[in-house]
Amino acid sequence: MTASFSGIEFDGVSFAYNDTPIIQDASFQISSGNSYCIIGPNGGGKTTLVRLMLGLLTPQKGHIRVFGKNPSGIKEGVAYVPQIQQVNPLVPITVEQVLKMAAGRASGKPHKGNRVDDLLDRFRLLDLRHTSFHNLSSGQKQRTLVARALVGNPRLLILDEPLAHADPRVENAFKEELLRIQSECMLLVVTHDISFVYAMFRQVLCVNRAVWTHHTHELDATLLRELYGGKLRWVDHDNGSCNVSHHNKLTASG
């Protein structure tokens, strides 16, 4: 391993659940300042790979470094927004309070008002600042949690299916915000929407037990069918049909 490497580095990493291999001999580097999409079939190891990066799992073989450190020892600078958030509905908390609590933890002091207001504005949440988090739509909750993750100015932000519940009316604006985030920190996004990959990212981590990297322009039909085992479908999000057209999204499953 390169001691001075700044970014994410996996060196011969393997991980198994109950002797079932999930990640096998993964070796790759993601330099600080670069952003990647993470794609692969369901059960292929994407979530396990992310949990290894976060230090929530320990590999049975190999070594991982995030910004030159063992990820389990990193206390700040890394933020993660999973696709499904479990928040106790009995706890009354507003959108603004969600961000203020994160700001207080990030600084160790009372919340940074300017930072919170800026993020509420950026994610089109100003009109919802006093709304209960539990009364938000799924898309609004997701925007709130991404904004919350940015309060502490992380060096690395990992998002799991950030557009899964996005309202089509705000999806394009949210994509623009994701491009802005890429200019601020390392961004890793787990997604099944291959069209999103093509539009937003230059580099991809392909995960199906093995892990390999590609430039987005290398993602042709042959590679994708090999990755997903042929389980690819065109989904027309305008009319629900599966006919290929200019409005279709290539959605992968497996």
Note to self: Condition first: part of a helix (DSSP H, G or I) and open to solvent by less than 50 Å² (accessible area, probe 1.4 Å). Now tell me which residues in region 118-133 satisfy that.
What the structure shows: LEU119, LEU120, ARG122, LEU128, PHE133
Item checked: Of residues in region 155-177 being modelled with pLDDT under 80 and within 27 Å of GLY33 (Cα to Cα), the one most open to solvent (accessible area, probe 1.4 Å) -> ASN172
Margin query: Among the residues of region 137-154, what is the count of those that are surrounded by fewer than 19 Cβ atoms within 10 Å (Cβ to Cβ) and basic (Lys, Arg)?
Written below: 1
Note to self: What's the total number of residues in region 128-177 that are aliphatic (A, V, I, L, M) and touching a Leu at 6+ places or on another chain (Cβ under 8 Å)?
What the structure shows: 11
Next item on the list: State all residues of region 182-215 that are open to solvent by less than 70 Å² (accessible area, probe 1.4 Å), touching a residue at least 60 places away in the same chain (Cβ under 8 Å) and not in a strand (DSSP E or B); if no residue qualifies, say none.
Entry: GLN182, THR191, HIS192, ILE194, PHE196, VAL197, MET200, PHE201
Item checked: Checking ILE30 against (1) closer than 19 Å to CYS185 by Cβ; (2) hydrophobic (A, V, I, L, M, F, W, C); (3) at pLDDT 95 or above, the condition it does not meet -> (3)
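Among the strands (runs of 3 or more DSSP E) lying completely within region 1-77, list those that include at least 1 residues that are open to solvent by 40 Å² or more (accessible area, probe 1.4 Å).
Per the criteria, 7-17, 20-31, 61-66.
The values are calculated or read from the model by the stated rules, or taken from the named source; none is laboratory data. Fair warning: this is a prediction, and the values are worked out from it, not measured in the lab. Cβ: placed from backbone, ideal geometry, glycine included. Neighbour counts: every protein chain shown. Just the protein is used for accessible areas: all its heavy atoms, side chains included, with ligands, DNA and RNA removed. Shrake-Rupley method; radii C 1.70, N 1.55, O 1.52, S 1.80 Å.
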